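The values are calculated or read from the model by the stated rules, or taken from the named source; none is laboratory data. Not measured: the values here are computed from a predicted model. Here the Cβ positions follow ideal geometry from the backbone for every residue, glycine too, while neighbour counts run over all protein chains shown. Heavy atoms of the whole protein, side chains included, go into the accessibility calculation; ligands, DNA and RNA do not. Shrake-Rupley method; radii C 1.70, N 1.55, O 1.52, S 1.80 Å.
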Amino acid sequence: MPANYISSIIYDGNVSKRSYLSGLPVVRHLSKENKLEFSSNVTFFVGENGTGKSTLLEAIAVAYGFNPEGGSRNFSFSTNDTHSELFDHITLIKREYARDGFFLRAESLYNVATSIDEMDKLPAFGPPLINGYGGVSLHKQSHGESFLAIVQKRFKGKGLYILDEPEAALSPMRLLTLMADINALVKNNSQFIIATHSPILMAFPDAEIFEFSSDGLRNVSYKDTEHYQITKQFMENPERMIHYLFNEN
């Protein structure tokens with residue numbers, strides 16, 4: 001049985017029609033279905049920009065108790081209060097208690113790193129917080145190195161891990177490394193919910209893929225995703241695709 005710490009989400013249908021959220025395809029879909037179920041240890045949210053995948057991911061994280069800008073449930077820093085109110089309109093159905101958890105956002109990793117450094121400057125009653133992240137300030141590593149340090153050093157297993165666009169921090173080779181790390185954590189009874197544009201990452205075996213579009217939300221197989229099909233077409237004949245894009249005669 002999958003380690004679904006979150007087995008489904010239920011939407012209350014009460015987002016105001018005056019809110020920008022009501023225009024997002026994902027909210028329109030939830031208004032129709034009221035429920036989204038998870039059936040795998042690894043779930044991907046994929047789709048075009050503006051369809052609401054990161055908005056829903058953030059709402060799930062905040063509803064679970066994570067800091068909107070990222071971190072564990074013990075993080076409380078705030079640099080810019082911009083998260084949506086969608087979390088107020090969803091209920092998380094939980095199958096069991098996760099012993100560990102983290103909301104990892106590539107775009108706000110700098111803020112997480114700063115928060116860790118600032119907390120370590122305070123009077124301590126135990127070892128420095130950074131020890132749980134490999135012992136080296138995340139600011140003293142590259143974006144990709146610090147991202148992987150969190151996954152490899154901080155993620156302990158038996159946890160819920162929510163990742164927002166990890167490909168923004170990682171090279172293709174490092175995405176393969178991340179896939180191996182995810183696999184090890186899944187074997188240790190973990191659940192991942194990931195918003196991504198990466199056709200590499202979404203090839204994770206037996207993952208569940210929800211594709212967001214202007215038509216709503218649908219469960220699709222890997223090779224049926226638009227990301228896979230466009231990437232495949234491009235790699236098979238980049239010259240033809242570029243010729244088409246540039247409208248050459």
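Side notes on the structure shown:
- Residues of region 1-56 that turn out to be in a strand (DSSP E or B), open to solvent by 50 Å² or more (accessible area, probe 1.4 Å) and over 17 Å from residue 209 (Cα atoms), as a count: 1
- Subset of region 64-75 [surrounded by fewer than 20 Cβ atoms within 10 Å (Cβ to Cβ) and farther than 16 Å from residue 159 by Cα]: 75
- Test: residue in region 106-118 that is acidic (Asp, Glu) and over 22 Å from residue 171 (Cα atoms): yes
- Among the residues of region 146-186, those that are exposed (fewer than 15 other Cβ atoms within 10 Å of the Cβ) and aliphatic (A, V, I, L, M) comprise 173, 176, 180, 184.
- Annotation: of all residues in region 189-247 being outside any helix (DSSP H, G or I) and open to solvent by 80 Å² or more (accessible area, probe 1.4 Å), the one that is nearest to residue 50 (Cα to Cα) is 214.
- Region 2-17: number of residues that are among the charged types (D, E, K, R) and modelled with pLDDT of 85 or more: 1
- Single residue of region 76-109 satisfying the filter (under 11 Å from residue 59 (Cβ atoms) and among the charged types (D, E, K, R)) that is modelled with the highest pLDDT: 88
- Some residue of region 135-145 being crowded, with 20+ Cβ neighbours inside 10 Å and within 30 Å of residue 21 (Cβ to Cβ): no
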